[in-house]
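This report concerns only the one structure given below.
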Amino acid sequence: MFMKKGIHMLEISNNSTGTVNVIHPTIIWDDEDLILVDTGYPGNLNEFRDGIEKAGVSFERLTKILITHQDIDHIGSLPTILEESPKKIDVYASAIEKPFIQGEKMILRITPESIEKALESLPPEVPEDFRRAFKFRLENPPKAKVDHVIEGGQELPNCDGVIAIDTAGHTPGHLSFYHKASKTLIAGDALIVKEGQLYQADPKYTLDNETAMKSLENLLHYDIEKVICYHGGLFAGNVHERLLEILKA
């Protein structure tokens, strides 16, 4: 049944690294707009189309894409989604992340060393042609134009209000987004859910852990009832209390 407005966590399965994992982009919509937050890995277009349609919303209604940060699992299908859309979709990201998303700078996490490490992590049974394609994809990450710069504290009026929150640390310009009407935080990679509990994102994958922890304090200013984490999915416990526990740890 079609709902006039809502927010929905997608579950996008991906096996681009030779093992299956699930990521959780988010859609928010009303009568005028359909907003997608983050775009998965390269090759996820059909999964996005199916997931959005299953939520009762037409994929063709997409009007805006918000990008939390530059990592390839967040921008991977951005170019193909834009190409497939019958109309213009506006892309939003922070000023710091913009040149990485547009391909003007190489994604910070992609270095010769990290590419080699990623190749070594593939299961031994992965065929050689897959390995070559995987390496090429890392060396030539997807890119797309960012139409609008949005910074922490700015509010998009669409869909009853979506506020960008500065959660730098995982990457230098990482943003999370707060949907006012549903009191939902779309955390991106600032937080993760593991075995039903909310945690700070793994420091191993965080470029500046000190800044990342400090950024979590910005979340305390919002009345958050639910958190959607890109890795791990939904947390619906006492968010404020849990954030304080994380900050004190």
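Residue under question is ILE89, and the condition is that it be in contact (Cβ under 8 Å) with a residue 12 or more places away in the chain and closer than 22 Å to HIS170 by Cα; does it hold?
no
Out of LEU247, LEU207, LEU216, LEU243, I need the residue that is out of contact with any helix residue (DSSP H, G or I) (no Cβ under 7 Å at 6 or more places or on another chain) and among the hydrophobic types (A, V, I, L, M, F, W, C). Which one?
Answer to the selection: LEU207.
Please indicate, with yes or no, whether at least one residue in region 121-136 is over 28 Å from ILE224 (Cα atoms) and under 16 Å from the mean Cα position of the chain (by Cα).
no
In region 194-208, what residues are outside any loop (DSSP other than H, G, I, E, B) and surrounded by fewer than 16 Cβ atoms within 10 Å (Cβ to Cβ)?
Passing the criteria: LYS194, GLN197, PRO203, LYS204, TYR205.
Here's the yes/no breakdown for (1) assigned to a loop (DSSP other than H, G, I, E, B); (2) of a type outside the set (Gly, Ala, Ser):
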| site | (1), (2) |
| --- | --- |
| GLY153 | yes, no |
| CYS159 | no, yes |
| ILE163 | no, yes |
| HIS170 | yes, yes |
| GLY173 | yes, no |
| TYR178 | no, yes |
| SER182 | yes, no |
| ALA187 | no, no |
| ILE192 | no, yes |
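Considering only residues of region 92-109 that are aliphatic (A, V, I, L, M) and either crowded, with 23+ Cβ neighbours inside 10 Å or modelled with pLDDT under 95 (or both), which is nearest to GLU151 (Cα to Cα)?
Checking each candidate, the answer is ALA93.
If you take the residues in region 209-246 that are assigned to a loop (DSSP other than H, G, I, E, B) and either within 29 Å of SER13 (Cβ to Cβ) or at pLDDT below 95 (or both), which one is nearest to the chain's Cα centre (by Cα)?
TYR230
Among the residues of region 74-90, are any modelled with pLDDT under 95 and closer than 21 Å to TYR230 by Cα?
For region 74-90, residues modelled with pLDDT under 95 and closer than 21 Å to TYR230 by Cα: absent.
Select from region 71-86 the residues that are assigned to a helix (DSSP H, G or I), crowded, with 16+ Cβ neighbours inside 10 Å and charged (D, E, K, R) and list them in ascending order.
Of everything in region 71-86, those that are assigned to a helix (DSSP H, G or I), crowded, with 16+ Cβ neighbours inside 10 Å and charged (D, E, K, R) turn out to be ASP73, GLU84.
Taking into account only those residues within region 2-27 that are among the β-branched types (Val, Ile, Thr) and farther than 20 Å from ILE101 by Cβ, which is nearest to the chain's Cα centre (by Cα)?
Among those residues, the one meeting the criterion is VAL22.
When region 107-124 is examined, which residues are found to be farther than 15 Å from TYR205 by Cα and free of Cβ contacts under 8 Å to residues at least 24 places away in the same chain?
PRO112, GLU116, LEU119, GLU120, PRO124
Consider region 89-131. How many of its residues are more than 30 Å from ILE163 (Cα to Cα) and either of a type outside the set (Ser, Thr, Tyr) or part of a loop (DSSP other than H, G, I, E, B) (or both)?
Number of matching residues: 19.
Residues that are in contact with a Leu (Cβ under 6 Å, 6 or more places away or on another chain): list the strands (runs of 3 or more DSSP E) wholly contained in region 1-54 that include at least 2 such residues.
34-37
The values are calculated or read from the model by the stated rules, or taken from the named source; none is laboratory data. Quick caveat, the model's predicted, so the values are computed rather than measured. Please note: Cβ atoms are built from the backbone with ideal geometry, for glycine as well, and neighbour counts cover all protein chains shown.
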